[in-house]
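A.B. asks: Take this structure, written in structure tokens, and hold onto it; I'll ask about it next.
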Amino acid sequence: MTDLRVSPHVARLRCSKSGVEVPLASLRKAPGLCSCCPAPGKPLLVEYEPGAVRAAWQPPAARETGLFRFGAGLPVTGLPASYAADVGNTPTLFHAGLSRELELEVFIKNEAQNPTGSFKDRGLALGIALGAAFGARRFCLPTQGNAGVAAAFFSSRLGLPPAVVYMPEGYQGSIYHRACSHFGGEVVFAGANIAGAGQAMRAALAEPLAGGECVDISTFFEPGRLEGKKTMGFEIAEAFPGSELPGAIFYPTGGGTGLVGIWKALNELRGWGVADAAHTQLPRLIAVQSSRCAPVVNAFRAGASEVTPVTSQGTIADGLDVPGAIMGHAMLDAVRASNGFAAAVEEPDIERAFQDFGRHGIGAGYESAATLAALRDARRSNTIAAGSKVLLLLTGTHLIPLARRGQGGE
């Protein structure tokens, strides 16, 4: 870790809501939420020096493997190649069967190929590295899914003390508990849900969090996870050289880091002057949620600028069971700026799509299956016209829902 440092290409941090700049020189510890907005604050965004990125940006053929193949546009440098060489690089593939069924050009990008089985690896790899570059030595977060597993995994890879992973009561013995422990995580159970687990964590760890030696790496609570997730956007752009991008990306939306990240990445490529000349039109972003937990859908339909938390009725898709959204304003902005929309799908349709994934030989979980359910709804209403080019972002492996069933789950 002796060479780990913030990239010289980083110009500043900026509040995602107010736009207030946070100079790097003013930071004495790893950045968290802003101090300019009402408590607890809003997420910060990393901004780069366009000329520096443009000068260092490499063509695809010259890039190494792994997450840091886009290192010119990421906020950390100096990591060993082995740290994230197996993260990302997930292919974007045309799917003939779904294309025939839906009379579309359907592409899938399946994040299950990441080392712990989900796209969470991208965000946690960068979030932990960025925090460590600012001097943090331990990380904590509440989770009811894959994020805790990835936090434990990358803390272990960087040789840090175990990540402290708070899970709701009732998750004892779950596949998430066992996977976190397997990768060295210190698992604590508290609260009835992820919000309750987070409250308990912040109370118990108030002193190390205030001092900066421990970093709360919850969704959007620091800027690194967004930077890691945005690499999906770089890869999507790279997958369509010399041809138009998909007209729509269907994204399973819980915390929404990837949704905001993909939009950030596609716009950064333009701002840095390294975008493919054929990518004149950016995709519409479709935020997909379960009808049983749909705060972003509710806010979008109401024309709101912020997302109001809801009471979740529970969903089989763990990653969609997120009742609030601290970055809701940016999610709504991205969907609207892209001329996209937000869609809520029913639980039986998620289950049906998951089964159809198996029939088609696609290894992805319930959250991912929600994107297929939403695309089918959009075709029935002709919101997505026949012949359109679309991409389904599949966020994690099919093995977790199958394992949960084996434990007597849904």
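Please treat every number below as a calculation from the coordinates, not as lab data. Given the structure is predicted, the values throughout are model-derived calculations rather than measurements. So basically every Cβ, Gly included, is an ideal-geometry build from the backbone, and we count neighbours across all protein chains shown.
A.B. asks: How big is the dipole moment of the chain about its Cα centre under a simple scheme where the beta carbon of each Lys and Arg is +1, that of each Asp and Glu is -1, and everything else is neutral? Debye, nearest 20, please. Please report the intermediate quantities before stating the final value.
C.D. replies: Values: 36 positive and 35 negative charges, 79 e Å.
In debye, rounded to 20, the chain gives about 380.
A.B. asks: At most 10 other Cβ atoms within 10 Å and a DSSP loop assignment: could you name the trypsin sites (Lys or Arg not before Pro) in the stretch 10-112 that fit?
C.D. replies: Working: sites: R12, R14, K17, R28, K29, R54, R63, R69, R100, K109; in loops: K17, R28, K29, R63.
Sites meeting the loop and neighbour criteria: R28.
A.B. asks: Most mobile of G131, G233, G170 per a Gaussian network model of the chain (Cα springs, under 10 Å)?
C.D. replies: With Cα springs under 10 Å in the chain, the top fluctuation among G131, G233, G170 is at G170.
A.B. asks: Among A11, P295, L269, which residue has its Cα furthest toward the positive end of the charge dipole of the chain, with +1 on Lys/Arg Cβ and -1 on Asp/Glu Cβ?
C.D. replies: Going by the charge dipole, the pick is A11.
A.B. asks: Right, here's the next one. From the C-alpha gyration tensor of the chain, pull out the three semi-axes of the equivalent ellipsoid (sqrt of 5λ each), sorted largest to smallest, in whole Å. Mind showing how you got there, number by number?
C.D. replies: Details: eigenvalues 172, 136, 83 Å².
In descending order, the three semi-axes are 29, 26, 20 Å.
A.B. asks: Starting with the fewest neighbours, write out T77, T116 ranked by other beta-carbon atoms found within 10 Å of each beta-carbon. Mind dumping the intermediate values first?
C.D. replies: Working: T77 18, T116 25.
With the sparsest Cβ surroundings first, the list reads T77, T116.
A.B. asks: Quick one: compute the contact order of the stretch 5-83, relative version, from alpha carbon pairs under 8 angstrom and 6+ residues apart, as a percent.
C.D. replies: Details: 96 pairs, mean separation 27.4, N = 79.
35 percent.
A.B. asks: Something else about it: Note the count of lysine pairs whose C-alpha atoms are less than 25 angstrom apart in the chain, limited to pairs 8 or more residues apart or on different chains.
C.D. replies: So the count works out to 28.
A.B. asks: Which residue, chosen from T280, A195, A210, occupies the Cα position most advanced towards the positive end of the dipole of the stretch 158-284, where the dipole is computed from +1 (Lys, Arg) and -1 (Asp, Glu) charges on Cβ about the Cα centre?
C.D. replies: The listed residue farthest towards the positive side: T280.
A.B. asks: Also: Assuming a viscosity of 1.567 mPa s and a temperature of 4 °C, what translational diffusion coefficient in µm² per second does Stokes-Einstein assign to the stretch 5-83, Rh being the Kirkwood radius over Cα pairs?
C.D. replies: Details: Rh = 14.1 Å.
So the translational diffusion coefficient is about 92 µm²/s.
A.B. asks: Quote the relative contact order of the stretch 52-127 in percent (integer), defining contacts as alpha-carbon pairs under 8 Å separated by 6+ residues. Write down the numbers at each step before the final one.
C.D. replies: On the way: 77 pairs, mean separation 18.0, N = 76.
Relative contact order comes out at 24 percent.
A.B. asks: Compute a Gaussian network model of the chain, connecting alpha carbons closer than 10 Å, and tell me which residue from A278, A11, A265 fluctuates the most.
C.D. replies: Per the Cα network of the chain with a 10 Å cutoff, A278 tops the list.
A.B. asks: How much mean residue ellipticity at 222 nm does the chain get from its helices, if each DSSP H run of length 4 or more adds -39500 (n - 2.57) and you divide by all residues, to the nearest 500 deg cm²/dmol? Don't skip to the answer; put the middle values down first.
C.D. replies: Working: 15 runs with 150 residues, N = 410.
Per the formula, -10500 deg cm²/dmol.
A.B. asks: How do D216, D86, D356 rank when sorted from fewest to most other Cβ atoms within 10 Å of their own Cβ? Mind showing how you got there, number by number?
C.D. replies: Numbers: D216 21, D86 14, D356 17.
In order of increasing Cβ crowding within 10 Å: D86, D356, D216.
A.B. asks: Follow-up. Taking the Cα centre as origin and putting +1 on Lys and Arg beta-carbons and -1 on Asp and Glu beta-carbons, what dipole magnitude results for the stretch 5-83, to the nearest 20 debye? Don't skip to the end; give the middle numbers.
C.D. replies: Details: 10 positive and 4 negative charges, 33 e Å.
The dipole of the stretch 5-83 has a size of about 160 debye.
A.B. asks: Kindly work out what percent of the DSSP beta bridges joining two residues of the chain are antiparallel, to the nearest 5. Working shown, then result.
C.D. replies: On the way: 14 of 43 bridges.
Bridges in the chain are about 35 percent antiparallel.
A.B. asks: Do you know the relative contact order of the chain, to the nearest whole percent, from alpha carbon pairs under 8 angstrom that are 6+ apart?
C.D. replies: Details: 896 pairs, mean separation 67.9, N = 410.
Reported relative contact order: 17 percent.
A.B. asks: Taking the Cα centre of the stretch 120-222 as origin, work out the dipole magnitude from +1 charges on Lys and Arg Cβ and -1 charges on Asp and Glu Cβ, in debye rounded to 20. Spell out each step's value before the answer.
C.D. replies: Values: 7 positive and 7 negative charges, 50 e Å.
Rounded to the nearest 20 debye, it is 240 debye.
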